[in-house]
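Written below as structure tokens is the structure these notes are about.
Only the coordinates and a few stated rules stand behind these numbers; no lab work does. These figures come from a predicted structure and were not determined experimentally. Glycine gets a Cβ as well: all are built from the backbone with ideal geometry, and neighbour counts include every protein chain shown.
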């Protein structure tokens, strides 16, 4: 199987990277991936990625948390071992609801946050003991790396990337 | 650029229409209510028994509930007499609070040197123009209720009540008419001075030489001072002007609670006014990114309001101490619909409507949510004042709607007058370029 070649263009500033991304998109090259040391605001939009669906998952997880809190408090405080809450022995979930609101709120946030992080890791294919995917360790420090597929047009591509302010351009074999 | 005649014309038209409508309604209603109350109070003093009985039987015909109140006929009559006063006061306070909330928001934007909001500065300055007249009106109504009225809003102003009330006697070092007036004047003077100078420096910065940032720096400095002054005076204002209607009851986070209410109403009005002006083509430089940020604040502060509302409610509900819990028992028994309705309007609606990022960018959606929020916060103020003054004789009828229209008209008139006096873009502000280019 033929190894496909990619160009790694390295930048050292996020603003230069942003304008380079716009230029590369405008010239209709395909950006495989970009590695950055920190989230660059607006990069997903400039790359033309589909909008994130994490927000809707957060909402759904929040609802799950709210439900869990309600069922749990109802079981613990009302059904299994009825409690006299605040001197109001009504033994009804609804009438004692104000006392449970903080827990309902906290579990909503807890579920939403933790499940969101887990979803994000799974969706990004990250799990414990996985070896790192980034091609250049400097992208974890202060450099930005743009990976572009090459289809026999490396000359034109490199000169264009030089133009956009790349500090380093490497042609790399990428085994599939 | 000068705002065209259209905006002002609209302002005039709306305010005139509502002025006429309202003056009519209000005069009628006030005369009716006030006259009734006065006559009643005058008659009640000389011949206590006979008249009270007569009033009682009269009341029975009119109201089915009166048999519970036969002992308190005077009390009820007093409550009915209180209604136009309270209606006027609630509406006056509501619109004053919008202007004050916007002033605080404006000051925070300047103090934090926020980059996104300067395009909206002139809109905010326009709204804060209502603060001085609005606050003076509130104070005058409050003082008038204790002098020319019959202690229609604040019962601690009545020396007769204080004489028989140990708790109010203990508080009379703070709650007395002279102190109330002096404190009110200090609050209003401080706010109005800041507003005056902030506006002056903002306009002076427009006309300054390029590179001359002295006015910006001056505005920044007085803003920092104002914010400190504001958070103390706002808290005391809320004790004086609202919490003291129930002179026995107190809550330590009341100042914050009122602040959250005024802040979210103010931000909502900024959003509504910006959308209106943009739809008329005066704010071409404001785009959906700015709207998105304002709507984020509407969403966030609505939740902040709920947090404070609930913190106050839950602690009192939990501890169940008689002198504290009566406050909520009145509201839940007699004001069930407005009390829980406002939680739905101020929390559930904004939560669900404004949660989605895309909805925050759609003007009509923000307008819809904004109207619900504003109505909700009017009811919030209504719930703060009315239970103490009119008890269970409440209704949102002609006096209330009339007062809202009156002060709403005055508010729109003052705000649009002020908007028309300066360019709608504070073009000299150093962060203006960042704000114009702002994108989400």
Task: Gyration tensor over alpha-carbon atoms, segment B:320-369, equivalent ellipsoid semi-axes in Å - done: 34, 10, 6
- [ ] Calculate how steeply helix A:154-163 sits against the longest principal axis of the alpha-carbon atoms of chain A, using the helix alpha-carbon long axis, and give the answer as 0 to 90 degrees to the nearest 10.
- [x] 70
- [ ] Kindly put B:410, A:94, B:193 in sequence by how many other C-beta atoms sit within 10 Å of each C-beta, fewest to most.
- [x] A:94, B:193, B:410
Open item on the list: What distance in nm lies between label points placed 7 Å from Cα along the C-beta direction at residue A:59 and residue B:163?
Closed with: 6.3
Task: Spin-label pair residue B:348/residue B:193, simplified geometry with 7 Å Cα→Cβ offset, distance in nm - done: 4.7
- [ ] Please find the FRET efficiency linking residue A:49 to residue A:16, where r is the Cβ-Cβ separation and R0 is fixed at 22 Å, and quote it to the nearest 0.05.
- [x] 0.65
Task: residue B:114 versus residue A:74: modelled label distance in nm, points set 7 Å from Cα along the beta carbon direction - done: 4.1
Task: Nearest-ten-degree value, helix A:14-26 long axis tilted from longest Cα axis of chain A - done: 70
TODO: Note the angle between two axes, namely the Cα long axis of helix A:54-73 and the longest principal axis of the Cα atoms of chain A, as a number of degrees from 0 to 90, rounded to the nearest 10.
DONE: 20
TODO: Could you compute the FRET efficiency for residue B:289 and residue A:117, with r as their C-beta to C-beta distance and R0 at 41 Å, rounded to 0.05?
DONE: 0.90
Open item on the list: What are the equivalent ellipsoid semi-axes of segment A:54-123, built from the alpha-carbon gyration tensor (square roots of five times its eigenvalues), in whole angstrom, biggest first?
Closed with: 30, 10, 8
Task: Gain upon complete extension [residue B:144, residue B:252; 0.36 nm per residue less C-alpha separation] - done: 36.1 nm
Task: Calculated diffusion of chain A, Stokes-Einstein form, Kirkwood radius summed over Cα pairs, 20 °C and 1.002 mPa s, µm²/s - done: 106
Open item on the list: Taking the beta-carbon count within 10 Å as an exposure proxy, list B:343, B:367 from fewest neighbours to most.
Closed with: B:367, B:343
Task: Residue exposure sequence - A:167, B:294 - by fewest surrounding Cβ within 10 Å - done: A:167, B:294
Task: Hydrodynamic radius of segment B:105-204 per Kirkwood, over alpha carbon pairs, in Å - done: 16.1
Open item on the list: For segment A:123-174 and segment B:369-440, what is the centre-to-centre distance using only Cα atoms, to the nearest Å?
Closed with: 53
TODO: Quote the FRET efficiency, to the nearest 0.05, computed for residue A:153 versus residue B:427 with a Förster distance R0 of 35 Å and r equal to the Cβ-Cβ distance.
DONE: 0.15
- [ ] Take the alpha-carbon centre of segment A:103-119, take the same for segment A:1-77, and report the distance between them in whole Å.
- [x] 20
Open item on the list: Suppose we keep just the alpha-carbon trace of the protein assembly as shown; what are its Rg and Dmax in angstrom?
Closed with: 30.4, 111
